[in-house]
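What follows is a short report on a single structure.
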Amino acid sequence: MFLFGYPSVSRVIFQILHCVEIDPNTSYLYADMQIDCKSDTYQNQFLIFISTLLFYPIGSLLVIILLLYFKRDDSHYRSTLSFFTSSFTSDCWWYECFDLVRRLSLGSIVIFLNTPFEKLVFSSFFCTVANIVFFNKMPFTERLDNVMMGISLILLTLDFLVANYVYIVDLGDEPNELANICSVICMLLNLLFV
């Protein structure tokens, strides 16, 4: 359950901290523009928000990494920790945590970037790094799992790269047929492999 809920719960926690400054004296929560980030109510709860951030998205991941690093071979912990390691080769015991960081970055950290272009560049870069790590390690014990994850990572990276291209092209004055074709090809590839 932790692995499924981690990205979405983390995103909500990060959204609580994402304020947008309208002018020097006014700042609103991006997720709900009715909440004034400079209000006493928000400021009084800010410590709770930071504690939640440190406890769940950062703290739980750090605890899992430390447990895996120090206790993965300990017989008392092996069965519990196997949930995080059983699908991976012994030298890639850390890969589930790396993948959680990837998902956290793409789903939560990116919300703090200001422009769509910054978000696309960051996401493209992080997807490329994930591809490099994945294809250098091929971490799964099952070949089919490696194939499926590889296809997913390539498609995700391709989506972000095409989105970058389309965004840059859309800044121009004239519509670009190649951008439209690239978008359609990406959609078809995603549909084909879903």
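Quick check on region 70-87. Is at least one of its residues touching a strand residue (DSSP E or B) at 6+ places or on another chain (Cβ under 7 Å), at pLDDT 85 or above, under 29 Å from ASN136 (Cβ atoms) and not hydrophobic (A, V, I, L, M, F, W, C)?
First, the residues of region 70-87 that are touching a strand residue (DSSP E or B) at 6+ places or on another chain (Cβ under 7 Å): 87.
Okay, now just the ones that are also at pLDDT 85 or above, so 87.
Remaining after also requiring under 29 Å from ASN136 (Cβ atoms): 87.
Now drop any that are not not hydrophobic (A, V, I, L, M, F, W, C), which leaves 87.
Taking every residue of region 70-87 in turn, at least one turns out to be touching a strand residue (DSSP E or B) at 6+ places or on another chain (Cβ under 7 Å), at pLDDT 85 or above, under 29 Å from ASN136 (Cβ atoms) and not hydrophobic (A, V, I, L, M, F, W, C).
For the structure I just gave you, tell me whether TYR165 is touching a residue at least 12 places away in the same chain (Cβ under 8 Å), open to solvent by 50 Å² or more (accessible area, probe 1.4 Å), under 30 Å from HIS18 (Cα atoms) and in a helix (DSSP H, G or I). So that I can check it myself, show each step before the final result.
On the way: touching a residue at least 12 places away in the same chain (Cβ under 8 Å): yes; open to solvent by 50 Å² or more (accessible area, probe 1.4 Å): yes; under 30 Å from HIS18 (Cα atoms): yes; in a helix (DSSP H, G or I): yes.
So TYR165 passes the test.
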(message) I need the full set of residues from region 98-131 which are within 17 Å of GLY150 (Cβ to Cβ) and over 12 Å from the mean Cα position of the chain (by Cα), in order please.
(response) THR128, VAL129, ASN131
(request) Mind telling me which of the residues PHE134, PHE160 ends up being under 15 Å from the mean Cα position of the chain (by Cα) and either over 28 Å from PRO57 (Cβ atoms) or buried (at least 16 other Cβ atoms within 10 Å of the Cβ) (or both)? (result) PHE160
(message) Consider region 105-119. How many of its residues are crowded, with 17+ Cβ neighbours inside 10 Å and not aliphatic (A, V, I, L, M)?
(response) 3
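The values are calculated or read from the model by the stated rules, or taken from the named source; none is laboratory data. Nothing here was measured: the structure is a model prediction, and the numbers come from that model. Neighbour counts run over all protein chains shown; Cβ positions are idealised from the backbone, glycine included. Protein only, heavy atoms only, side chains kept; ligands, DNA and RNA dropped before computing areas. Shrake-Rupley method; radii C 1.70, N 1.55, O 1.52, S 1.80 Å.
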